[in-house]
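The next block holds one structure in the form of structure tokens; read it before the comments.
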Amino acid sequence: MTDPAFDTAVTRAYGTRLPIVAGGLMWLSDAAYVSACARAGIIGFLTAASFPEPDALRAEIRKTREFSEGGAFGVNVSMLPKLVPGERTEEIFRLIAEEGVHFVETSGRNPEPWLPLLKDAGITVLHKVPSVRFAEKAQSVGVDMVSIVGAECGGHPGLDLIGSFVNLALAERRLKIPFLIGGGVGHGGQIVAALAGGASGVVIGTRFLVAEEVTAHPDYKRALAGAKETDTMLSMSSLRNTIRTLKNETSQTVARMEAENPEIGIEALLPHVSGKIGRRAYETGDVSRGMLSAGQALGLTGDIAPLAGIVGGLEEEALAALARLRPAPARIKEGMAV
């Protein structure tokens, strides 16, 4: 039986057992990973940008549904124009609605223009933002929930670089809709802390990168499993597109080029930061090159394991944290509570 503490707006909205959203992993959030999340009692989102051809996305949605055993799943749509060539955002949303997907995660820019389409299709919209000020804007335009990823997160933490613990307290004060906290979350005790602080759940990405179901080379996973919380770095701030990645040859080169020329521009950096380079690391296991998104939760990442096992470990840690907060029943001895 699931602990009542895990009965939140998130688990009720998605019909999941635990208030955990699996972070969308570019090129890696496929049917194998997302359906494993569903079977483990959490929710994951296919990354639409990983399947640029509509027929490929449609096929992946159907494959995910087949393997999810009735569990919840959704689709992440990054609305950044560079990731949706030719402005195909509306086309993607319509495809998702046609396929009967009930949950969407949006990111990249204001989703307001597409909310009527999504709401008419009965789709629950979770919008991902890098700080509370953007969450307030998303709340004002009518999204159902927001996830706020702090400076510790892998990928794009935004320009404010506010830590997750501060985001938690600010969100509790400023938001009326349910919110999730992400960035550096990789231990069950942090789930309890987030819930105690007013969040309805957490977002976990880096911790799941070593799941067996993630379709990446074993050497890539072994490198992450052996990494520490200090093995990430920030770069690309010169482009106002800050990214936290694994510290490697490429990320250090990019940071050096930015330091030498703060006005360097994307053209000079593109040979290093192209997503195609990073994608090869997933195929070959060579983590020395490419901008490989990873957060400070690397310090909490254990061995390669089935995703259900990782989720089970997080649940055990969360239950242990709850036990520390709840006093043991008083034992009566000679009429006195001891």
Study note, to complete from the structure: Note on the stretch 181-306: contact order normalised by length, alpha-carbon pairs under 8 Å, 6 or more apart, percent, works out to 36
Point to revise | Spherically averaged projected area of the stretch 205-320 from its Cα convex hull (nm²) | key: 7.5
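Any chance you could tell me what percent of the C-alpha pair distances in the stretch 22-101 go past 17 Å?
Numbers: 1202 of 3160 pairs.
So the pairs more than 17 Å apart make up 38 percent of the total in the stretch 22-101.
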Check your understanding: Expressed in whole Å with the largest first, what are the equivalent ellipsoid semi-axes of the chain derived from the C-alpha gyration tensor as the square root of 5 times each eigenvalue?
Key -> 32, 24, 21
Practice item. Amide H neighbours of Gly182 under 5 Å, at least 5 residues apart or on other chains, H built in the peptide plane: list them. Key: Ile148, Val149, Gly150, Val203
Practice item. Note down the relative contact order for the stretch 100-165 as a percent, whole number, built from C-alpha pairs under 8 angstrom at least six residues apart. Key: 28
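Mind scanning Lys137/Lys276; Lys63/Lys247; Lys137/Lys228; Lys119/Lys176; Lys63/Lys128; Lys137/Lys221 and naming the pairs with a C-alpha gap bigger than 27 Å?
Working: Lys137/Lys276 33 Å; Lys63/Lys247 34 Å; Lys137/Lys228 35 Å; Lys119/Lys176 19 Å; Lys63/Lys128 25 Å; Lys137/Lys221 37 Å.
Violating the 27 Å Cα-Cα cut-off are Lys137/Lys276; Lys63/Lys247; Lys137/Lys228; Lys137/Lys221.
If packing is taken as the average count of other Cβ atoms within 10 Å, what order do 197-205, 25-33 fall into, highest mean first? Display every interim value, and only then the final one.
Details: 197-205: 24.1, 25-33: 22.3.
Averaged packing, sorted descending, gives the order 197-205, 25-33.
Tell me whether the stretch 283-323 comes out rounded, prolate or oblate; compute the Cα gyration tensor, take square roots of the eigenvalues as a ≥ b ≥ c, and use a/c under 1.5 as the rounded threshold. Display every interim value, and only then the final one.
Details: a/c = 4.27, a/b = 2.22, b/c = 1.92.
Judged from the Cα gyration tensor, the stretch 283-323 comes out prolate (a/c at least 1.5, a/b above b/c).
Looking at the stretch 215-284, which GluC sites (Glu not before Pro) are DSSP coil and have at most 12 other C-beta atoms within 10 Å of their C-beta?
On the way: sites: Glu229, Glu249, Glu258, Glu260, Glu263, Glu267, Glu283; in loops: Glu229, Glu263.
Those that pass, being in a loop and sparsely packed, are Glu263.
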Review point. Evaluated at 4 °C with a viscosity of 1.567 mPa s, what Stokes-Einstein diffusion coefficient in µm²/s does the stretch 1-158 have when Rh comes from the Kirkwood expression over alpha-carbon pairs?
Key: 82
Revision key, fill the gap. Dipole check, the stretch 230-338, charges on Cβ (K,R +1; D,E -1), about Cα centroid: among Ala281, Ala321, Gly309 the Cα furthest to the positive pole belongs to Ala321
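Of the listed peptides 34-47, 53-66, 162-175, what is their order by residue-averaged count of other C-beta atoms within 10 Å, with the highest listed first? Please list the in-between numbers first.
Working: 34-47: 26.1, 53-66: 15.9, 162-175: 17.6.
Final packing ranking: 34-47, 162-175, 53-66.
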Practice item. Calculate one ³J(HN,Hα) per residue across the stretch 180-194 by plugging θ = phi - 60° into the Karplus curve 6.51 cos²θ - 1.76 cosθ + 1.60, and present them in order as whole Hz with x for glycine and proline. Key: 10, 10, x, x, x, 8, x, 9, x, x, 5, 4, 5, 4, 5
Practice item. Would you mind pulling out the separation of the Cα centroids of the stretch 228-249 and the stretch 95-139, in Å? Key: 27
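Give me the accessible area per residue for the chain, probe 1.4 Å, as a whole number in Å².
Values: 15200 Å² over 338 residues.
Ligands and nucleic acids excluded, the figure is 45 Å² per residue.
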Study note, to complete from the structure: For the stretch 318-326, in residue order, the Karplus 3J(HN,Hα) values (coefficients 6.51, -1.76, 1.60; θ = phi - 60°; whole Hz; Gly and Pro = x) are 5, 5, 5, 5, 4, 5, 5, 8, 9
Practice item. In a Gaussian network model over the chain where Cα atoms closer than 10 Å are linked, find which of Pro262, Pro111, Pro178 has the largest mean-square fluctuation. Key: Pro262
Check your understanding: Given a 1.4 Å probe and every protein chain left where it sits, what share in percent of the accessible area of the chain is carbon and sulfur?
Key -> 53
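From the C-alpha coordinates alone, can you work out the Kirkwood hydrodynamic radius of the stretch 91-211, in Å? Write down the numbers at each step before the final one.
Numbers: mean 1/r = 0.0678 Å⁻¹.
After inverting the mean inverse Cα-Cα distance, the result is 14.7 Å.
Please report the equivalent ellipsoid semi-axes of the stretch 152-221, computed as sqrt(5 x eigenvalue) of the Cα gyration tensor, largest first, in whole Å. Present the calculation step by step, with values, prior to reporting the outcome.
Working: eigenvalues 136, 39, 17 Å².
Equivalent ellipsoid semi-axes, largest first: 26, 14, 9 Å.
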Practice item. Scan around Trp27 for amide H atoms under 5 Å from its own, H built in the peptide plane at 1.01 Å from N, and keep only partners 5 or more places away or cross-chain. Key: Ser50
Review point. Long-range amide H contacts for Thr232: which residues qualify at under 5 Å (H placed 1.01 Å from N, peptide plane, sequence gap of 5 or more or a different chain)?
Key: Lys247
Review point. Which whole-Hz couplings ³J(HN,Hα) result when phi for each residue of the stretch 274-281 is put into the Karplus expression 6.51 cos²θ - 1.76 cosθ + 1.60, θ = phi - 60°, listed in order with x for Gly and Pro?
Key: 3, x, 5, 5, x, 4, 5, 4
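The values are calculated or read from the model by the stated rules, or taken from the named source; none is laboratory data. Given the structure is predicted, the values throughout are model-derived calculations rather than measurements. Positions of Cβ are generated from backbone atoms using ideal geometry, with glycine treated the same way; all protein chains shown enter the neighbour counts. When the accessible area is computed, the model is the full protein with side chains, heavy atoms only, and any ligands, DNA or RNA have been set aside. Shrake-Rupley method; radii C 1.70, N 1.55, O 1.52, S 1.80 Å.
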